[in-house]
1. How much of the accessible area of the chain, in percent, comes from carbon and sulfur atoms when a 1.4 Å probe is used?
2. At most 16 other Cβ atoms within 10 Å plus a DSSP loop assignment makes a site exposed; report the longest stretch of the chain without any exposed chymotrypsin sites (Phe, Trp or Tyr not before Pro).
3. Can you tell me the Rg and the Dmax, both Å, for the Cα atoms in segment 500-552?
4. With a point put 7 Å past each Cα toward its Cβ, work out how far Asn361 is from Lys407 in nm, to one decimal.
5. Give the accessible surface of the chain per residue, rounded to a whole number of Å², with probe radius 1.4 Å and ligands, DNA and RNA excluded.
6. Bins of 10 Å, beginning at zero and ending with the bin holding the largest distance: percent of Cα pairs per bin for segment 352-449, please.
7. Can you figure out the FRET efficiency of Leu490 with Ile538, using R₀ = 25 Å and their beta-carbon distance, to the nearest 0.05?
8. Which pairs break 20 Å Cα to Cα here: Lys50/Lys157; Lys50/Lys99; Lys13/Lys239; Lys305/Lys413; Lys157/Lys267?
Amino acid sequence: EAAGSLNILFSDKTGTITKGELEVVKFISAQNEYKDFSNIPSKLSNYLLKTIMVGSSSKIVYDEDENIQIIGGNQTDQALSSYVSKSIGDFSPLTAERKIVFDSRWKFSADSIEGKTLIKGGAEVILANCDEYLDEFGEQKKIDKELIQKKIDDLAKQSMRVIAFAIGDGEVSDLEENITPTLAKNLKFVGMVAIRDDIRPEAIKAINECQKAGISVVMVTGDNLQTAKAIAKDSGILKSSKEVILTSDDLENLSDEQLKEILPNLKVIARAKATDKSRLVKIAQELNLVVGMTGDGVNDAPALKMADVGFAMGSGTELAKEAADIVILDNNFNSIEKAVLYGRTIFNSIQKFITYQLSVNLTAISIVLFAPFVGYEMPFSLIQILWINLIMDTLAALALGGEPPLKTYMQEKPKIRGTHPISRYMIWEITLSSLFIIAIAFTFMLNPTIKEWFREEIFLTAFFSFFIFINIFNAFNVRTKGVNIFEYILKNNLFLAVILLIFTLQIIIVTFGGEFFKTQPLTINEWLIITLISFLIIPFSMGLKILKKAIL
C-alpha cells in the first residue's frame with residue numbers, strides 16, 4: 001500500500017520508459033556517416049570491431065533456422081554485437097590483457113590489446129580527451145571538437161544515445177587506475193555509434209496518469225543532457241520551461257538545502273551515477289515525501305533499499321531484486337503505474353474495513369452496555385456475540401478486501417508521510433452511522449408498536465437478526481464513497497458471495513440454532529419486518545454522502 005502513497009518517483013529510462021530494445025542506427029566518424037558496418041572503411045571498422053569484441057560479454061549463437069541471436073551481456077553490448085554481426089556474421093570475444101570495466105561513475109571502459117588502448121564510453125567524456133581523429137585511411141589528423149560536439153547534440157535531440165570509440169598508445173596501465181580512473185590525454189577519435197531506444201507508447205500514458213495522481217516523476221538516466229531532455233519531452237515528463245534538468249555534475253555542486261529547494265521542479269538527472277540515486281532518496285525523505293526508486297544494477301541496491309518503495313526490474317541483478325520491495329517483471333513503467341493503483345486500492349480497502357469494523361464494534365458495545373438500563377440484561381448470548389465478531393473480522397475482511405482497482409483512485413492526492421488511516425470523513429461516517437444504528441436498535445427494543453409485530457418468545461431472536469441485517473446493509477454503504485451502493489459491485493463477486501453467505505447462515509442459525517444459539521424460528525412476515533427496519537441504514541447513509549458532497 002506504500003506504493004499508493006508515493007509523492008515522488010525516480011525512474012530509470014532504458015527498458016522502463018523506453019522499450020529497452022537498443023538498435024545501432026549508424027556509425028559516425030569525424031568525416032562521414034555509415035549505416036551498415038560493412039560500409040565503414042577497414043581501418044576504422046577494424047578498431048571498432050576489436051573494441052566491441054574485447055569489451056563484450058555477449059555471445060552470438062544460431063537458432064534452429066540458422067538465424068543469429070545475441071545472448072548474455074547488457075543491452076548495449078547486445079546492440080553493438082548485433083550491429084557488427086549483421087555484416088560479418090559470428091565473431092568471438094577477444095581477451096584483454098588488462099581492463100577497466102565500464103562504471104557509471106567514470107562513464108567509460110578501457111582495454112589493452114596488441115599494444116593499444118581501446119576505449120569506449122560516453123561521447124562527451126571520450127571527446128574531451130581526444131586531440132586527433134583517424135581518417136578513412138587510418139591517418140591521424142587534428143580534430144574539430146566543436147563539429148563533433150554539434151553532431152552529438154543533433155543526435156541527442158533525436159533521442160539517440162551516443163557511444164564514442166577512441167584509441168590510445170600504450171597499455172591500460174598508462175591510465176590513472178585508481179578508485180576513480182581517469183582517461184589519458186592525446187587519444188585518437190575513431191568514431192561513435194548512434195543507438196535508438198524507442199519510448200514505450202503505454203509508458204507515456206502511464207507517466208501522465210501518475211502525474212495526474214500527484215506523483216512527481218523524475219527520470220534518472222546515464223544519457224547525456226540533450227538525449228535525456230529529448231526523451232523526457234517525448235515521454236511527457238518534461239512539460240514546461242520552469243522544470244529543472246540537471247546533470248550529475250550539477251547535482252554534486254548543489255548543497256542539500258539548494259537541492260531541497262529545486263526538488264519540486266526537478267524532472268531529469270542526466271549522466272547520473274548510482275550514488276546520485278541514494279542522495280536523491282535521502283533528500284526527498286527529509287522533505288517528508290514518500291519516495292519510489294527504480295533500478296536494476298548492483299550499484300542501485302543501496303538506493304532501492306533506502307527508498308520507501310524500491311522497484312527492481314525483472315531483468316536486473318539478483319542483488320537489486322533482493323534490495324527492492326517490488327519486482328517489475330516486464331521492466332515497464334506501465335506496471336509501476338499499476339502498482340500505484342493497486343497500492344491505493346489496498347489503502348482504500350483497509351479504510352473501508354476499518355470503517356465497517358469500528359461501526360460494528362461501537363454499536364455492539366453500546367447495546368451490550370446500555371441495554372440492561374432499559375430492561376434487557378443480555379440482548380445477545382455469548383455465542384451470538386462470537387457470530388457477530390466472525391462477521392465483523394473475518395467475513396467482512398474477505399468481502400471488502402476484494403474491491404476492484406478503480407481509476408478514480410488515481411485522481412486522489414497521494415498521502416503524505418505519517419497520514420493516519422482513519423480520516424476525518426471516516427470518523428464522521430463511523431460516528432453518525434453508529435449513532436443511527438444504536439438509535440434504531442433501542443427504538444426496536446423499546447417501541448411498543450414494534451414489539452407488537454413480534455411474538456414475545458422470539459423478540460430477542462428478532463433483535464439479534466435485526467442487528468446482523470442492519471450491519472450487512474451497512475457493508476453496502478461502506479464499500480463505496482458514492483451514493484450508488486451498487487457501483488462496481490459486479491467487479492467484486494466475493495463481496496456478493498460473502499453477503500449472501502451471511503444472510504443464509506443467519507437464517508439457518510435462527511431457524512435451527514435452538515438452544516445452542518438461543519434462538520427461535522421466525523415467520524416470513526417477521527423476517528420481512530426485520531429486513532425493512534434494517535434497510536433504513538441505506539437511505540440514512542445516502543443522505544450522509546449527499547450532505548458530504550454538498551459541504552465539501
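The values are calculated or read from the model by the stated rules, or taken from the named source; none is laboratory data. Small disclaimer: the values here were computed from a predicted structure and weren't measured. Cβ coordinates were reconstructed from backbone atoms using ideal geometry, including for glycine residues, and neighbour counts include every protein chain displayed. Side chains are part of the model used for accessible areas, which takes the heavy atoms of the whole protein and leaves out ligands, DNA and RNA. Shrake-Rupley method; radii C 1.70, N 1.55, O 1.52, S 1.80 Å.
1. Of all accessible area on the chain, carbon and sulfur atoms account for 57 percent.
2. Values: sites that count: Phe91, Phe137, Trp453, Phe486, Tyr488, Phe535.
Answer - 138-452.
3. 16.4, 51
4. 3.7
5. Values: 25380 Å² over 552 residues.
With all protein chains present, the chain gives 46 Å² per residue.
6. In whole percents, the pair-distance histogram is 13, 35, 32, 14, 7, 0.
7. My answer for the efficiency is 0.85.
8. Those over the limit are Lys50/Lys157; Lys305/Lys413.
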